[in-house]
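S.K.: The structure that follows is given in the form of structure tokens.
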Amino acid sequence: MKIDYKETTSDLLTRINIHDAYGSRDIDKWMLEVLPLAQGMTILDVGCGAGKQCFSYLAHLSGKATISGGDVSEELLAKAEEENAKLGNRVSFQTLNFNQPFPFPNQTYDLVSCSFAIYYAEDIPFTISEMHRVLKPGGNLFTTGPMPENKQMFYEVIKEATGKEIPPMPGSSRYASEIYKTIKDLFSEVKIHIFENPLTFPNVEPFLAYTRASLSEDRLLWNTFFQTKEDFEDIMAKITDVAQKWFERDGQLVMTKVVGGILATK
């Protein structure tokens, strides 16, 4: 299945910054608690984006690990390399398309991670089998993605504003079903960890900024809602009206992120 998807640095970083500013829990801290990390490990982060997860591993392990990151977006990799240079180029970044065979030998890594990306793979069994192939025996795969319960308030506001059904989201529609099943079939042990993070907005502006970035970032998934810039602004105006109404009714807007973390052992 081919997923129409285009990610931009600005939209992605806007959403990350909003999570950090208005969330009550730190997903990076949670991931570090869940993962069996140890100094001396070899780590590959697939779909690394701007390198956020790689740099988190680097700091947590005091630089005593071999960490690589790969992504298909040259724009995001350039951002990662900018930050990497500030840290003394301690992480190795390269172009990596997870829809193609990975350019790594068998049994290379102790840990392969993939945060909020694996559900965009065209062929889930192929991508996961490549992750399995490059892991050492006893190594771990860790993936994160949205659960079906993720950010229901966001979707309810959009549905009320537009009167349209929400299109299937690759993350929430594939992660807890197809992806989990594929990993369970391939790996010897699989556990799923749940992370819930309420984002509490004290006014409508940050919620609208999140919504604008989210619809723009995933605009090809929302193509039944808007085609042109004018369509997009019309929808945002309707969403603004509904969000303001909800805020006046409740005194705040609370959008809960519900994330699953699949930890598998080869």
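S.K.: Considering only the stretch 101-204, give the helices (runs of 4 or more DSSP H) lying wholly within it that have at least 3 residues that are of a type in the set (D, E, K, R).
M.R.: Output list reads 152-162, 180-186.
S.K.: Right, here's the next one. Can you name the residue in the stretch 205-231 that is among the acidic types (Asp, Glu) and assigned to a helix (DSSP H, G or I) and is also nearest to residue 162 (Cα to Cα) among such residues?
M.R.: Only one residue fits best here, namely 231.
S.K.: Can you work out which of the residues in the stretch 17-32 that are surrounded by 15 or more Cβ atoms within 10 Å (Cβ to Cβ) and without any contact (Cβ under 8 Å) to a residue 60 or more places away in the chain is nearest to residue 78 (Cα to Cα)?
M.R.: Taking the candidates together, the pick is 28.
S.K.: Let me ask something else about it. Kindly list the number of the only condition in (1) touching a residue at least 24 places away in the same chain (Cβ under 8 Å); (2) surrounded by fewer than 18 Cβ atoms within 10 Å (Cβ to Cβ) that fails for residue 233.
M.R.: Failed condition: (1).
S.K.: Could you list, in sequence order, all residues of the stretch 98-123 that are over 20 Å from residue 178 (Cα atoms), surrounded by 16 or more Cβ atoms within 10 Å (Cβ to Cβ) and either modelled with pLDDT under 95 or not hydroxyl-bearing (Ser, Thr, Tyr) (or both)?
M.R.: 102, 104, 110, 111
S.K.: Can you pull out the residues in the stretch 66-115 that are under 26 Å from residue 136 (Cβ atoms) and among the acidic types (Asp, Glu)?
M.R.: 71, 110
S.K.: Taking the stretch 92-106 only, how many residues are within 12 Å of residue 55 (Cβ to Cβ) and over 20 Å from the mean Cα position of the chain (by Cα)?
M.R.: Qualifying residue count for the region: 0.
S.K.: Checking the condition at pLDDT 95 or above, buried (at least 16 other Cβ atoms within 10 Å of the Cβ), assigned to a helix (DSSP H, G or I) and of a type in the set (Ser, Thr, Tyr), which residue from 256, 240 passes? Write out each step before concluding.
M.R.: Details: 256 fails: assigned to a helix (DSSP H, G or I).
Criteria check complete, one pass: 240.
S.K.: Still on this model: Given the residues 49, 88, 69, which is the only one that is among the small types (Gly, Ala, Ser) and modelled with pLDDT under 95?
M.R.: Exactly one residue qualifies, and that residue is 49.
S.K.: Given the condition more than 30 Å from residue 246 (Cα to Cα) and among the small types (Gly, Ala, Ser), answer yes or no: does some residue in the stretch 177-200 qualify?
M.R.: Yes, there is a match, as at least one residue in the stretch 177-200 is more than 30 Å from residue 246 (Cα to Cα) and among the small types (Gly, Ala, Ser).
Yes/no matrix, rows are residues, columns are (1) modelled with pLDDT under 95; (2) under 24 Å from residue 118 (Cβ atoms):
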| residue | (1), (2) |
| --- | --- |
| 178 | yes, yes |
| 182 | no, yes |
| 205 | no, no |
| 216 | yes, yes |
| 248 | no, no |
| 265 | no, yes |
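S.K.: Give me a count of the residues in the stretch 1-38 that are at pLDDT below 85, more than 23 Å from residue 178 (Cα to Cα) and not charged (D, E, K, R).
M.R.: 7
S.K.: Looking at the stretch 87-97 only, could you name the residues that are surrounded by fewer than 20 Cβ atoms within 10 Å (Cβ to Cβ), of a type outside the set (Ser, Thr, Tyr) and on the phi < 0 side of the Ramachandran plot?
M.R.: 87, 90, 94, 97 - these are the residues of the stretch 87-97 that are surrounded by fewer than 20 Cβ atoms within 10 Å (Cβ to Cβ), of a type outside the set (Ser, Thr, Tyr) and on the phi < 0 side of the Ramachandran plot.
S.K.: List the number of the failed condition for residue 67; all other conditions in (1) surrounded by 14 or more Cβ atoms within 10 Å (Cβ to Cβ); (2) at positive phi hold.
M.R.: Condition (2) is where residue 67 drops out.
S.K.: Give just the number: which of (1) closer than 23 Å to residue 11 by Cα; (2) touching a strand residue (DSSP E or B) at 6+ places or on another chain (Cβ under 9 Å) does residue 57 not satisfy?
M.R.: If we test residue 57 against (1) closer than 23 Å to residue 11 by Cα; (2) touching a strand residue (DSSP E or B) at 6+ places or on another chain (Cβ under 9 Å), just (1) comes out false.
S.K.: Yes or no: residue 154 within 15 Å of the chain's Cα centre (by Cα) and touching a residue at least 60 places away in the same chain (Cβ under 8 Å)? Can you show your working first?
M.R.: Details: within 15 Å of the chain's Cα centre (by Cα): no; touching a residue at least 60 places away in the same chain (Cβ under 8 Å): yes.
Answer is no for this residue.
The values are calculated or read from the model by the stated rules, or taken from the named source; none is laboratory data. In this text the structure is predicted, and so the values were computed from the model without any measurement. Glycine gets a Cβ as well: all are built from the backbone with ideal geometry, and neighbour counts include every protein chain shown.
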